[in-house]
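The values are calculated or read from the model by the stated rules, or taken from the named source; none is laboratory data. Because the structure is a prediction, the values reported are computed rather than measured. Note that we place each Cβ from the backbone using ideal geometry, even for glycine, and neighbour counts take in every protein chain shown.
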Ligand code: 3SL
């Protein structure tokens, strides 16, 4: 039996370096898009349609979708929802469809198009993602959403957590997974503290959303695994 491999794309702008057609891609945007998506499904949302462009997202309103929009950390005017995981715990959203666009997370999903399979990862469903990848037959690529093409710590830490959890089953493909794994092992005892000087934590702290940061860095709150099929995420 050949050993499966795991690689990490540290920014969507590096996607041209990776072949995805035979891989399971895990898209991650810890702060906060994929954490919101995980939370939404755990609280009973029916489906999420991710959009790179705001206007495409807003157009879905006429088809009965709730719209969720974030740019530069702030809720987009005219959207029903922003990008705090706590908004997605609202029982009124149960069974509803959401059209979703964010600065980086939904762009990373768009750039992963063509993958054999796309799943959504966050610390909130970390073990569920790891178990799924362990049982699957595909090689894995973790796509970090980063920030406007730049690498960030929090998505890299999540990639490292996956590499660490899968180390007995899936082999690192290159140096990015090894680097991410080292980083995670350094920071795992106190992820919030480890990230205190990171650029996006500082950005979000200016918006006064420490609660979101702490929640998004809490492993294994949920067991859902959102999967993209026909441009729509569902369970
Ligand atoms: O860029 C994104 O996709 C967002 O998750 C960024 S923020 O956390 O809402 O600022």
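Taking residue 165 as the residue in question, decide whether it is away from the ligand (no atom under 13 Å from the Cβ) and either without any contact (Cβ under 8 Å) to a residue 12 or more places away in the chain or in contact with a helix residue (DSSP H, G or I) (Cβ under 6 Å, 6 or more places away or on another chain) (or both).
yes
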Item to check | Residue pairs meeting the criteria (Cβ under 7 Å; at least 6 apart or on separate chains; first closer than 23 Å to residue 162 by Cα, in region 187-216; second more than 13 Å from the ligand (Cβ to nearest atom) and not in a helix (DSSP H, G or I)) | outcome: none
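Listed here are the residues, each with its yes/no results for (1) within 18 Å of the chain's Cα centre (by Cα); (2) within 16 Å of the ligand (Cβ to nearest atom); (3) modelled with pLDDT of 95 or more; (4) within 19 Å of residue 40 (Cα to Cα).
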site: 170; (1), (2), (3), (4): no, no, yes, no
site: 187; (1), (2), (3), (4): no, no, yes, no
site: 190; (1), (2), (3), (4): no, no, yes, no
site: 197; (1), (2), (3), (4): no, no, no, no
site: 201; (1), (2), (3), (4): yes, yes, no, no
site: 209; (1), (2), (3), (4): no, yes, no, yes
site: 214; (1), (2), (3), (4): yes, yes, yes, yes
Item to check | Qualifying residues in region 101-126 (those that are more than 10 Å from the ligand (Cβ to nearest atom) and over 11 Å from the mean Cα position of the chain (by Cα)) - the one nearest to residue 65 (Cα to Cα) | outcome: 110
Checklist entry - So which residues in region 35-68 are within 11 Å of the ligand (Cβ to nearest atom) and touching a helix residue (DSSP H, G or I) at 6+ places or on another chain (Cβ under 6 Å)? => result 35, 36, 50, 52
Checklist entry - Could you list, in sequence order, the residues of region 130-146 that are out of contact with any strand residue (DSSP E or B) (no Cβ under 7 Å at 6 or more places or on another chain), in a loop (DSSP other than H, G, I, E, B) and closer than 26 Å to residue 212 by Cα? => result 146
Checklist entry - Taking interchain pairs and intrachain pairs at least six residues apart, which have beta carbon atoms under 9 angstrom, with the first residue in region 57-81 and on the phi > 0 side of the Ramachandran plot and the second loosely packed, with under 14 Cβ neighbours inside 10 Å? => result 73/206; 73/207
Item to check | Candidates 146, 114, 136 - the one that is buried (at least 18 other Cβ atoms within 10 Å of the Cβ) and either modelled with pLDDT under 95 or farther than 16 Å from residue 224 by Cα (or both) | outcome: 146
